[in-house]
Every structure is written in C-alpha cells, then in structure tokens.
Amino acid sequence: MLIDWFTVFAQIINFLILVWLLKRFLYRPILNAIDAREKHIALALADADAKKIEAQQECDEFQCKNATFEKQRAVYLSQMMVEVKEERQRLLDAARQESDVLRSRQQQAWVREQQSLNDVLSRNVREEVFAIARKTLTDLAGATLEERVVDVFLRRLHELNDGDRVELKSVFKASPRLLYVRSAFTLSAVHCTRIEAVIKEILGEERAVQFEIVPALISGIELSSDGHKLAWSIADYIFSLKQSLDERLKPEIEMMNK
Amino acid sequence: MYLSSDDIIFWQWVFFKLNATIVFTWLVMLVLVVGSWLVTRKLSTGLHRSRWQNLLEIIVMGINQQIAEVGLRRPEVYIGFLGSLFLFVGMANIFTLFPGYEPPTGSLSTTTALAICVFVAVPLFGIEASGLREYLRAYMKPTFIMLPFNIISEVSRTLALAVRLFGNMMSGTVILAILLTITPFIFPIVMSAFGLLMGMVQAYIFTILATVYIAAATHEHKPEPRG
C-alpha cells in the first residue's frame, strides 16, 4: 500500500513541530525586525520631514534677512555715495581755494619781484644813461652835464610859446610864496644868476628864488611854486624808456601769469 | 526500485519504524530550523543587514505578499502554517539535487499528512475567523441541498491536494531514475534542472491552493473592485 499511516502520523507531528519552530526562529524574528526597521525608517522620515520644515523655515528667514540686509546695504551705499560725493566736492573746493590763494600769493610775489627788478633796472638804466650822457656831453661839447642841463632848461623856458608863457606868468605871479629851483646837483653861481635872470625876464619882475638839491631828480631841474612846476629831467626820458619796455614785456608777463 | 521512500526502512520495532521519508524530513527540518536560527539570532533592525538576513526577509515578505494577494487580510496570522508548507515542500524538492536523497514529498504518506493538515487547518481558521455557527452555515449555501456536495468537495480537494503533489514528485523522481539507466549523461542533468523547477512550482501550487481554501473558509476576500 502507498500510504503508511504511521508515517502519515509521524509527518503530521513533524510538520506541526516544524511550524512551531519556524514561527519561533524565522517568521516572528524576521517580521519583528522588519516592523522595527519600518518604525525606525518612519521615525527617521518624520524626523527628516521635521528637519526639512525647520530648514525651510530657516531658509525663508535667512532669505528674508538677506533681502532686508540687501535693502539696508543699498540704502547705506547710496547714502555713502552721496556723502562721498559731497566730501569730494568739498575737498575739491578747498583744494581749488587753496590753489587760488597760492597762485594769488605767487602772482603777488612775482609782481613784487618784477616791480623790484624794474626799479633796479630803471635805476641802473638811468644811472647808465646819465653816465653815458655825461661822458658824451663832456667829450663832445667840453661842458659838464650840469651845464647842459641848465642850458636845456633855460632854452625850454625861452622856447615857451606865448600861451604857456602867459599862463606860467599868471600862475607864478599869483603865488605869494617863494619860487623853488630844485636840481639833482649843486648849481654854480653863474647858473643861479642865469636862471634868476630868465625868471625875471619871463615874470617881468624880481622874485626871490630858493635853490634846493634833490638827488631823486637825476640830472634834472625844475621850477616850482605853490603846486605848479616846470621841469626837465633825464628821468622823463627814462620813464618813456620804461613804458616802452613794459609794453614790450607785457605778453611775456601775461603768459607767465597763466 | 522503490516507488516510495516509505519503503526504505532503516529501523523498525513493532509498529514504530524509521524510514527514509521520516529521516529526510528531519534533515529538511534541521536545515530549515538551524539555518533560520543562525541568521535570526543576530538580526539587524537598522538599514545595514547581512546577506542572509536579506534573503530570509525577501522569502518571508514574498510569502506574506502572496498570502495577501490571494485575499487574506492578516497574512501574519497564516504565515506560520502556509509559509511552513511552502518552505518544507520547496526545500524537500530542492534537495533532490543531492544524489542519494529521496524527497519526502515523493511519499504519498507525507503528501497525505500535509493534505490532512490543510484539511484540519481550513475549518479551524474558518471557525476562528467567523465562529462555529457561521462556518457550518457556509456548507449550506446557497441552499441546504448543497451540503453533501460541499462536504464531498471538501474531502475530494484534500485528496486531490495530496495526490497532485505526490504524483508530480514521485513521477519526477521515477522518470529521473529511468533516464539514468537509459542515458546516463547530459539528459538527467536537464531533467534534474527541470525537476527543480517543477518542485518549486508544486510547492507554490500546494501553498496557494491551501491559502485559497483558508481564504474561502474565512471569507476574507478583498472588496470587489468597482468598474
């Protein structure tokens, strides 16, 4: 017979034992482990979700703060730019002002220096001219320069036209004060006499004449009374020479000022 | 040549005997239990686990899923019985790879024993799920006329369950033995491989049929999908 009932019974017992053993050593531990892992994963996922939400909140907060910071930065930057611009303008103005002051001082100094130079030059030229004229007149005419100056002065008095002569006469006659004859050098007695004679001739009357030495006239001689005077001096020619020199030097001076 | 491993008797005393069926059954049980114990004694509940734990988890979860797909809503209740059926039958068939091994499932006594277990387990699970009265009333549905037919159906399907597994496994073993005597090279290897496949298919069929019977008895069906 194919069925052995003892074996059937034994196999049933075997199978029931197997079921119990496998439940004990296989299904329950495995299913418990899987459940534990699922719980663990679920907890991890929940934790990850919570962290994600927290991270999102922090991200939002950070972005908000970042936006605020950017806005503040832009405001501060614009304020700073305005302040920098104002400060720059202020510094430029100050520098320009300082530059103007320095330039002005420099110009003044230069003008002073030029003036001084001109004075020196003028004096030198006059002295040179005087010396040359003296030497030339001495060599040519055999007379001293003072004689020639007196001669020229007297000639000019003689050569006055009628209008000038009348005017001079009326002015000097009306003046109650002394007549002054000023010269850069000491006049000899002859010269004084000649001068007094010519004055008398022009005024038509005797007037007291006071002779004075004024070195600043430089080879000149003048007749004056009460604010009016008639003069001749080498300084007049030198003044003309100076004006001519100034005219010539004017473009160079302007260029230096620029 | 033996038609059944029951005929290979190692020891006998009066009514008790120790035949190849029982011995090889113990061997299969030993491998299953010791293997499970070795793996599950240090289980990991974390994300990192051993390869053997992975294998066992795949097997257990696969059985669980199959039970759930058939319609049982609480597979963890039935996995002890149904999973043991599948693992025992499957492992008994896989061991046919080893020469000298006689599959216990090739014995009608074993298949009968397993069928009896199913025959007893089905009403037990049914009564546990819906109560004795409700379970017995199911035999008279749709009408009481169907009572004898339902009883005949219950017995015949148990018989079919036993004979189907026995026939398939015994025939496979017998065919392999005959082929070994005719063409000792190559062809038996192909047949062995084929026998492995057939063994696993039979284990699957046996378990699925038992699951279907239990599902029918417990009325734990999935709700009909709405079209």
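Return the residues of region A:148-180 that are among the charged types (D, E, K, R), modelled with pLDDT of 70 or more and under 24 Å from A:Arg207 (Cβ atoms); say none if nothing qualifies. Across region A:148-180, the qualifying residues are A:Asp151, A:Arg155, A:Arg156, A:Glu159, A:Asp162, A:Asp164, A:Arg165, A:Glu167, A:Lys169, A:Lys173. The numbered conditions (1) part of a helix (DSSP H, G or I); (2) within 7 Å of chain B (Cβ to nearest Cβ) are all true for A:Asn66 except (2).
What tally of residues in region B:131-158 results from selecting those that are of a type in the set (Gly, Ala, Ser) and open to solvent by less than 40 Å² (accessible area, probe 1.4 Å)? The qualifying residues number 2.
Check whether at least one residue in region B:25-37 is more than 23 Å from A:Phe9 (Cα to Cα), open to solvent by 40 Å² or more (accessible area, probe 1.4 Å), modelled with pLDDT of 85 or more and out of contact with any strand residue (DSSP E or B) (no Cβ under 8 Å at 6 or more places or on another chain), and report yes or no. Yes: one or more hits. Open to solvent by 50 Å² or more (accessible area, probe 1.4 Å), assigned to a helix (DSSP H, G or I) and over 24 Å from A:Asn14 (Cα atoms) - does that describe any residue in region B:159-172? No, every residue in region B:159-172 fails to be open to solvent by 50 Å² or more (accessible area, probe 1.4 Å), assigned to a helix (DSSP H, G or I) and over 24 Å from A:Asn14 (Cα atoms).
Going residue by residue through region A:23-39, is there one that turns out to be open to solvent by less than 80 Å² (accessible area, probe 1.4 Å), small (Gly, Ala, Ser) and either within 59 Å of the chain's Cα centre (by Cα) or more than 7 Å from chain B (Cβ to nearest Cβ) (or both)? No, because not a single residue in region A:23-39 is open to solvent by less than 80 Å² (accessible area, probe 1.4 Å), small (Gly, Ala, Ser) and either within 59 Å of the chain's Cα centre (by Cα) or more than 7 Å from chain B (Cβ to nearest Cβ) (or both). Taking A:Thr7, is it hydroxyl-bearing (Ser, Thr, Tyr) and surrounded by 15 or more Cβ atoms within 10 Å (Cβ to Cβ)? In short, yes.
The values are calculated or read from the model by the stated rules, or taken from the named source; none is laboratory data. Model, not experiment: these values are computed from the prediction. Positions of Cβ are backbone-derived with ideal geometry, glycine not excepted, and every protein chain shown enters the neighbour counts. Surface areas here come from the heavy atoms of the whole protein model, side chains and all, with no ligands, DNA or RNA. Shrake-Rupley method; radii C 1.70, N 1.55, O 1.52, S 1.80 Å.
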